[in-house]
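Written out below as structure tokens is the structure these notes cover.
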Amino acid sequence: MTDKRSARRVPLVIRVEAHAGGSPRILLAQNISAGGILLRSADTMTEGAMLDIKFTLPGVELEIHVTARVQHVTPGEFVGAQFINLNAADAEAIRRFVEKA
């Protein structure tokens, strides 16, 4: 089996605030790359759904705000989301974090 991801992923356990049309949910990140994030979620989400998320990376003062598209779901366990509108400062903070890990 080959991995289709083009970006390096690094383990990460942080709280992420996610809004998906309703009230905010607090989820735990499992890993991150320059292009997306894997979240642990007991709630089942729909592939293609849009999430407004915000989080702070360890050692980085900047709070990152980004919209992400749900790319894959493992019901009751994980949600993989692709960043779709990272601004330059947020993208650079994530890139540096991944490189240092």
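Classify the chain from the C-alpha gyration tensor, please: rounded if a/c falls under 1.5, else prolate or oblate depending on whether a/b exceeds b/c.
On the way: a/c = 1.59, a/b = 1.21, b/c = 1.31.
Taking the square roots of the gyration eigenvalues as a ≥ b ≥ c, the chain is oblate.
Going by amide H atoms built from the backbone, whose H comes under 5 Å of the H on Q71, apart from near neighbours?
It is G48, G80, A81, Q82, by chain and number.
Relative contact order, percent, of the chain when contacts are C-alpha pairs under 8 Å separated by at least 6 residues?
Values: 213 pairs, mean separation 25.0, N = 101.
The normalised contact order for the chain reaches 25 percent.
Roughly how many whole Å is it from the C-alpha centroid of region 15-39 to that of region 65-87?
Using only Cα atoms, the two centres lie 7 Å from each other.
With θ set to phi - 60°, apply the Karplus curve 6.51 cos²θ - 1.76 cosθ + 1.60 along region 68-83 and write out the HN-Hα couplings as whole Hz, x wherever there is a Gly or Pro.
Running phi through 6.51 cos²θ - 1.76 cosθ + 1.60 with θ = phi - 60° gives 9, 9, 5, 9, 8, 9, 10, x, x, 10, 9, 10, x, 10, 9, 5 Hz.
Which residue fluctuates the most in the chain, going by a Gaussian network model with Cα springs under 10 Å, if the choices are A88, A18, A68?
Judging by the Gaussian network model, the answer is A88.
Once you've got the GNM for the chain with C-alpha springs shorter than 10 Å, pick whichever of V70, V60, V16 has the biggest mean-square fluctuation.
V60
Every number here is computed from the coordinates shown, using simple stated rules; none is lab data. These numbers were taken from a predicted model, which means no experiment stands behind them.
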